[in-house]
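The structure under discussion appears below in the form of structure tokens.
The values are calculated or read from the model by the stated rules, or taken from the named source; none is laboratory data. In this text the structure is predicted, and so the values were computed from the model without any measurement. Every residue, glycine as well, gets a Cβ built from its backbone with ideal geometry; the counts of neighbours run over all protein chains shown. The protein model used for the area step is the full one, side chains on, heavy atoms only, and it has no ligands, DNA or RNA in it. Shrake-Rupley method; radii C 1.70, N 1.55, O 1.52, S 1.80 Å.
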Amino acid sequence: MTRPNTVNKPLSRAERKALLLAELEQQRIDILVDSDTLTNAASPLDSNWRRLKLPLYIIGGVAAVRIFRHPGGAMAVGRKALASYMLIRKLKLLAKVAG
């Protein structure tokens, strides 16, 4: 019995192009489906954000006016936050070296 020739013949340029175009089309379809899924999943978050947007703008405006009128308090809070951040970094580094 003779064995059939099992050597795969390389695809022609037109066949490779057709395969790539089919793959691109499938990727486009996948992107459209995924974007629709994302839109549906994010719609509750978007509606909540729209509801909270105005109060957050008002709170931010009031905070900006207070900081503008009394910058010393903001500077003190900023210094304390920076010092806390640096302390935490040093403690993490110390724990890493000691451990």
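What 222 nm value per residue comes from the helices of the chain, counting each DSSP H run with n ≥ 4 as -39,500 (n - 2.57) and dividing by all residues, nearest 500 deg cm²/dmol?
Details: 2 runs with 85 residues, N = 99.
One gets -32000 deg cm²/dmol as the mean residue ellipticity at 222 nm.
Within the accessible area of the chain, what % is carbon and sulfur when the probe is 1.4 Å and the other protein chains stay in place? Display every interim value, and only then the final one.
On the way: 6550 of 9840 Å².
Carbon with sulfur: 67 percent of the solvent-accessible area.
Only Lys, Arg, Asp and Glu carry charge here, each on its Cβ (+1 for the first two, -1 for the last two); on that basis the chain has a dipole of about 800 debye about its Cα centre. What the chain shows is 99 Å² of accessible area per residue, with the surface traced by a 1.4 Å probe over protein heavy atoms.
Pull out the extension gain between A14 and V97, defined as 0.36 nm times the separation in residues minus the alpha carbon to alpha carbon distance; nm, one decimal. The partial results should precede the final answer.
Details: separation 83, 0.36 × 83 = 29.88 nm, distance 6.07 nm.
Going from the current span to full extension adds 23.8 nm.
Of the residues L54, A64, V77, the one whose Cα sits farthest towards the positive end of the charge dipole of the chain is V77 (charges of +1 on Lys and Arg Cβ, -1 on Asp and Glu Cβ, taken about the Cα centre).
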